[in-house]
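Below: the structure, in structure tokens.
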Protein chains: 4
Amino acid sequence: MSNAIKYSVILGNLGNTCDRFLSSGYKDVLDKTEMIAQAASIEGVTGIELVGTWDITRDNAAQVKKQLQQHKLQCSSIIVDHFGQKRWGRGALASADAGIRAEAVEETRQMIDVAVELDCDFLNLWPGQDGYDYALCTDYLVDRHRMIDSIAACAEYAAAKKVRIGLEYKMKEPRTHSYLARCADTLLVANQVGANVGVTIDTGHAFLAYENVGESIAMLKMFGDKLFHMHFNDNYSSWDDDMIVGSVRLVEYVEMLYWLRRTEYKGWYSMDQYPYREDGKKAVESSVMFLRQLEKVLNRIGMDEIEKLINRRDPVATCAFIRNELIRS
Amino acid sequence: MSNAIKYSVILGNLGNTCDRFLSSGYKDVLDKTEMIAQAASIEGVTGIELVGTWDITRDNAAQVKKQLQQHKLQCSSIIVDHFGQKRWGRGALASADAGIRAEAVEETRQMIDVAVELDCDFLNLWPGQDGYDYALCTDYLVDRHRMIDSIAACAEYAAAKKVRIGLEYKMKEPRTHSYLARCADTLLVANQVGANVGVTIDTGHAFLAYENVGESIAMLKMFGDKLFHMHFNDNYSSWDDDMIVGSVRLVEYVEMLYWLRRTEYKGWYSMDQYPYREDGKKAVESSVMFLRQLEKVLNRIGMDEIEKLINRRDPVATCAFIRNELIRS
Amino acid sequence: MSNAIKYSVILGNLGNTCDRFLSSGYKDVLDKTEMIAQAASIEGVTGIELVGTWDITRDNAAQVKKQLQQHKLQCSSIIVDHFGQKRWGRGALASADAGIRAEAVEETRQMIDVAVELDCDFLNLWPGQDGYDYALCTDYLVDRHRMIDSIAACAEYAAAKKVRIGLEYKMKEPRTHSYLARCADTLLVANQVGANVGVTIDTGHAFLAYENVGESIAMLKMFGDKLFHMHFNDNYSSWDDDMIVGSVRLVEYVEMLYWLRRTEYKGWYSMDQYPYREDGKKAVESSVMFLRQLEKVLNRIGMDEIEKLINRRDPVATCAFIRNELIRS
Amino acid sequence: MSNAIKYSVILGNLGNTCDRFLSSGYKDVLDKTEMIAQAASIEGVTGIELVGTWDITRDNAAQVKKQLQQHKLQCSSIIVDHFGQKRWGRGALASADAGIRAEAVEETRQMIDVAVELDCDFLNLWPGQDGYDYALCTDYLVDRHRMIDSIAACAEYAAAKKVRIGLEYKMKEPRTHSYLARCADTLLVANQVGANVGVTIDTGHAFLAYENVGESIAMLKMFGDKLFHMHFNDNYSSWDDDMIVGSVRLVEYVEMLYWLRRTEYKGWYSMDQYPYREDGKKAVESSVMFLRQLEKVLNRIGMDEIEKLINRRDPVATCAFIRNELIRS
């Protein structure tokens, strides 16, 4: 069963990463060709997720397509750049500036075209700059209507091209408060704008919001089968540390993999990390290896046994399961 | 305009409060008659919110009604007891035990009858025990369906009696994870079950979930005009400390009072605190005095000026506003 | 090497536990004799930690001693009750009331005598009520001097009886701010008052303060070899959930067990949980089984290999170690 | 009394600021000469705090000195760059690489010389890269000894030049865990290395660690009079948002200004913000205006009245004080 799982990595994870104190980045800038080759060499990875501007533009689309084909890699998703340019600094899809909103929609449309060119039928929207930093500075009603209108315009264009859109939520960063903040509020927006719009869960974003990802997956199943995409990383619960999967948590990943199977999630398992000081390729590879190992664990145990376990509703039994089935002696 | 605001207090706030280390409570147990008299003596308070079992039962309803009438107090709301008895310990409305679920619905129906008897048209549901503590112990899909079915049953009964229900969300405590956890997921449930079901915002619960209450109010307005009730208290952001309103925050309260006016919220402003070591009556009174003072501030400034301010979308202008209009020199 | 480890449980963990919403508790009250028998039946447990007032008083000391002897159990520690009586509600060792401070010291002295009677040479001080709830209500300098004076008085009495004292820190609860809040500030106090005073780490309290317990252990080693006692439990990082060890975390426990060995910690490994809705004995037993399993893992791997690993300072290598040595396939 | 307060700003606050998503920054890069002129134009500001590499180097020291003199500005502090270059990426003062540690000390020595050249007697050390990201990757004992040795070497050089050093703590970012994480652990290090080494409190870093700054100030007074420097900014408690002072909090600032006066703090009040999307000069100016307004409030009320208030230890009285003395009607 785990054979059917499609693993993907975000290309930029393999390259240089920066923060606000070291804006030139912690490592050397890698050549994109090299990064694609590295991604292709990770066992089990068959997809690449591309970030607009950083990884993919209209100009390099043909070239990137060729490189992906050479390595037999699919483009799993394109993340539209609504966060990495000065013009988006005060908002993109919900910007107070109608011109910027139009540009943000246009940017999306272009990336939909690029996706189609790359034989990719999924687009990830993470409107990281759409939100606010301070209280008493924002008209939330006006902004939310603008946001929905912009997303609806994107969704309409995407529908015509048979492209699905996943809205990726994150409670904060780069704004202190984002509009697509948590699973349920993003679901409310998705349900408002069209059948081809769903939700992307980034595990770290969910942990940051004190969500239990297994429960979030179940909620999206229940209210419209709206889980469209998954980003994987780990963290210490209070910030989007974007760490290697399994470096902090174990039980929650086992639970979420169970729920992904049980809800018959068909999308990609895409790695989304910021290995500031680590070897990028190896850091991403570690995450894939961890998830594949847990899939073996699930195969060994069987879905029925886990269902029996959760129906016991007994933490003592679950702890015995952890000791006996998950951890070595 | 602020004259129209209806202030209420939760009766139990005036009495003894306990925690897990001092289960007999920090203060002496007060007589209910005395507590009602104290509540009535707080300037501006015209309503009392009653907690099932603790404050109100079918047996004492007639007597409580009489006492409220003597003091010209309305019953603003009844909070059904789905949390304070051993039988609810592992869940009430979403319990795995069908018998317990039936009891939880029946308890609600009885309180609806009591509400009607007390001329009160609003019931608050805070299903604090409905959730889970550990990962890998729970079938979230099954539980959520049960939860919705139970709430729907309550809502149907309430509708027949012309009673509205507010679902009060809280991310955690007493469970490590609650099913009605945040504003948007609770709205999803409310929208599923009936027009007479909406959401109760407890300000401290919202702070705990890193929500900006002004934004949550706007969201409830937008997706169905679903804000039915307000509980007020303050905290240090990471736990439901249930402190005196205004002891920690200022700007966020000003913003939320603005949004309550702007969205034409018609419900009660009810104080919900745990003054463990303080004089209960005075602690609650402090909160009312703080909110009434901020209403005066809003009256002085005017809604238009605040709208202008938030449309500037300039934190520097907002900070000038804070210094000039909110804080003394 | 792991054979030398002394496991202990806090007696009350096996009984009924309450919270502020269900003050009568989630379970039935167990007979103390029964609880001691249950504790004795947990494989590997040779010690019992007793809570003043709740478990042990001057009056029942002789009887408890006899019961412990019958079960060949040692008293690992007595936790002085500075939190569970109304008189401590606004502070005990640092109370503004000199009479209360004297009582808090006297209570400690009595428990030192009881400890001696029970052949126990360690006392745990958790001054949970010493702190404050609101800003601008407290003279921190005065309070801290009072706190140190009280602890010094306790330490002097304890020294004469050859009893050591561990100061247990916790950032908050039941106060919003405690005086002994984190590892380092508690170390500062310990170093101020005497050689027989050190620090107790409760793992959950450390997680709550965003401490990495392995690092806290190293810090206490470095600044005076001051780790005197360990309390074990797990949580979701933002509150003292007092859960079964290993239900949430794995890697951090492996790391801390490594550091306990490396720093040659000689004290007890005592379980401190609140199994509100679980079978108390089984919940505590689960924690002991988890820790004993991890000790086997450490024995298998060897201290040298872990030292080599941490000297690689490479998260990718550590993640390979997690997959290969800690987790099953 | 407030006239004696020395306000300062970190120069870079006035310029362009970036984050990991928008590494080129949200605004245009400002000319340093222009930034100094802007800083000088803020009423009440008489000092400039300079960041190594970014603002000040050995090469531009003479020129900067001249510009400061032209504007009658003092250099309040130099923050040594131990965070903004690739070579510090895995640590500086505690690096596993002896060569890097030597460079980090040498960098400090050079900045001490520059400070002397600028007639500045204070140096701020914020070793942001000294810490770790993952568990089970680090030898905390070895690292902490290295850290102390490096700081001791810096302190020795500084003592000879009559320069004092403030160690600035921050729980996390850019590492998930920093070695100088909280007030007390930094105090332990300061006390270990020399009389000319103390602690810098950044208010936002303290909020992030759930510290009450008033209490931290009192603690530093008590254990050696070790508060050497203050950085001011505001945030939403769970991250170093570096916002305008007073945009979120009020009461905690009043309390900390009280404690700064009471403990006779003589150092600078330096603004440290990241006004990503705001006008830099105006954002910093807002903070200064807020603090100066609160000083007026303190002057009006008087230290004795506040001492009386805190000695009442009554949150109800404090809330009355907030309503009557701090907030307008």
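Considering region D:75-97, the residues that are out of contact with any Phe, Trp or Tyr (no Cβ under 9 Å at 6 or more places or on another chain) and surrounded by fewer than 20 Cβ atoms within 10 Å (Cβ to Cβ) include one that is nearest to C:Arg313 (Cα to Cα), namely D:Ala96.
Restricting attention to region B:259-281 and to residues that are within 12 Å of chain D (Cβ to nearest Cβ) and crowded, with 23+ Cβ neighbours inside 10 Å, the residue that is farthest from C:Gly89 (Cα to Cα) turns out to be B:Gln273. Within region D:46-59, residues that are of a type in the set (Asp, Glu) have Cβ atoms under 8 Å from residues that are not in a strand (DSSP E or B) in these pairs: D:Glu49/D:Leu11; D:Glu49/D:Asp272; D:Asp55/D:Leu11; D:Asp55/D:Gly12; D:Asp55/D:Lys32; D:Asp55/D:Val64, counting only partners at least 6 apart in sequence or on another chain.
Give the residue that is surrounded by the most Cβ atoms within 10 Å (Cβ to Cβ), with candidates limited to residues of region C:174-188 that are closer than 19 Å to C:Gly84 by Cβ and in contact with a Leu (Cβ under 9 Å, 6 or more places away or on another chain).
Our first condition is that a residue be closer than 19 Å to C:Gly84 by Cβ; within region C:174-188, this holds for C:174-176, C:178-180.
Checking which are in contact with a Leu (Cβ under 9 Å, 6 or more places away or on another chain) leaves us with C:174, C:179-180.
On the way: C:Pro174: 23, C:Tyr179: 27, C:Leu180: 29.
Among them, the one singled out is C:Leu180.
Kindly indicate whether C:Val51 is assigned to a strand (DSSP E or B) and under 27 Å from B:Gly84 (Cβ atoms). Taking the combined requirement at face value, the residue satisfies it. Yes or no: B:Ala158 out of contact with any Phe, Trp or Tyr (no Cβ under 8 Å at 6 or more places or on another chain), outside any strand (DSSP E or B), over 23 Å from A:Lys221 (Cα atoms) and at pLDDT 95 or above? Yes: the conditions hold for B:Ala158.
Would you call D:Leu208 modelled with pLDDT of 95 or more and within 11 Å of chain C (Cβ to nearest Cβ)? First the steps, then the outcome.
Working: modelled with pLDDT of 95 or more: yes; within 11 Å of chain C (Cβ to nearest Cβ): yes.
Answer is yes for this residue.
Residue count for region A:1-48 satisfying the condition of being farther than 29 Å from A:Tyr258 by Cβ, assigned to a helix (DSSP H, G or I) and of a type in the set (Gly, Ala, Ser): 3. The one condition from (1) facing another protein chain (nearest Cβ under 8 Å); (2) touching an Asp or Glu at 6+ places or on another chain (Cβ under 7 Å) that C:Ser237 does not meet is (2). Among the residues making up region D:45-60, those that are under 30 Å from D:Ala104 (Cβ atoms) and crowded, with 18+ Cβ neighbours inside 10 Å are D:Gly47, D:Ile48, D:Glu49, D:Leu50, D:Val51, D:Gly52, D:Asp55, D:Ile56.
Could you tell me whether region D:197-207 includes any residue that is without any contact (Cβ under 8 Å) to a residue 40 or more places away in the chain, more than 26 Å from D:Val288 (Cβ to Cβ), crowded, with 24+ Cβ neighbours inside 10 Å and in contact with an Asp or Glu (Cβ under 9 Å, 6 or more places away or on another chain)? So far as region D:197-207 goes, no, none of its residues is without any contact (Cβ under 8 Å) to a residue 40 or more places away in the chain, more than 26 Å from D:Val288 (Cβ to Cβ), crowded, with 24+ Cβ neighbours inside 10 Å and in contact with an Asp or Glu (Cβ under 9 Å, 6 or more places away or on another chain). Residue count for region B:199-229, restricted to those that are in contact with a Leu (Cβ under 7 Å, 6 or more places away or on another chain) and outside any helix (DSSP H, G or I): 6.
Yes or no, residue by residue, for (1) surrounded by fewer than 24 Cβ atoms within 10 Å (Cβ to Cβ); (2) under 12 Å from B:Ala94 (Cα atoms); (3) aromatic (Phe, Trp, Tyr):
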{"site": "B:Tyr134", "(1), (2), (3)": "no, no, yes"}
{"site": "B:Thr138", "(1), (2), (3)": "no, yes, no"}
{"site": "B:Asp149", "(1), (2), (3)": "yes, yes, no"}
{"site": "B:Tyr157", "(1), (2), (3)": "yes, no, yes"}
{"site": "B:Lys162", "(1), (2), (3)": "yes, no, no"}
{"site": "B:Lys172", "(1), (2), (3)": "yes, no, no"}
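Only residues that are in a helix (DSSP H, G or I) and within 27 Å of C:Asp242 (Cβ to Cβ) were counted across region B:161-185, and they come to 1. Taken together, B:Asp113, B:Asp81 contain a single residue that is among the charged types (D, E, K, R) and within 14 Å of another protein chain (Cβ to nearest Cβ), which is B:Asp81.
Candidates are the residues of region C:1-44 that are within 14 Å of chain B (Cβ to nearest Cβ) and aliphatic (A, V, I, L, M); the one that is surrounded by the fewest Cβ atoms within 10 Å (Cβ to Cβ) is C:Val29.
Scanning region D:117-152 for residues that are more than 8 Å from every other protein chain (Cβ to nearest Cβ), assigned to a helix (DSSP H, G or I) and more than 15 Å from D:Ala104 (Cα to Cα) yields a total of 2. Scanning region A:251-304 for residues that are β-branched (Val, Ile, Thr) and over 19 Å from A:Ala40 (Cα atoms) returns A:Val251, A:Val254, A:Thr263, A:Val297, A:Ile301.
Before we move on, is C:Asp314 within 25 Å of D:Arg175 (Cβ to Cβ), touching a strand residue (DSSP E or B) at 6+ places or on another chain (Cβ under 7 Å) and not hydrophobic (A, V, I, L, M, F, W, C)? Criteria not met by C:Asp314.
The rows are residues; the columns are (1) free of Cβ contacts under 8 Å to residues at least 12 places away in the same chain; (2) in contact with a Gly (Cβ under 6 Å, 6 or more places away or on another chain); (3) small (Gly, Ala, Ser); (4) more than 12 Å from chain D (Cβ to nearest Cβ).
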residue	(1), (2), (3), (4)
C:Asp241	no, no, no, yes
C:Leu257	no, no, no, no
C:Ala283	no, no, yes, yes
C:Leu291	no, no, no, yes
C:Glu295	no, no, no, yes
C:Asp314	yes, no, no, no
C:Cys319	yes, no, no, no
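Would you mind stating whether A:Lys65 is more than 14 Å from every other protein chain (Cβ to nearest Cβ), surrounded by fewer than 22 Cβ atoms within 10 Å (Cβ to Cβ) and in a loop (DSSP other than H, G, I, E, B)? Taking the combined requirement at face value, the residue does not satisfy it.
The values are calculated or read from the model by the stated rules, or taken from the named source; none is laboratory data. The shown structure was predicted, so the numbers you read here are calculated from the model rather than taken from an experiment. Note that each Cβ is placed from the backbone with ideal geometry, even for glycine, and that neighbours are counted across all protein chains shown.
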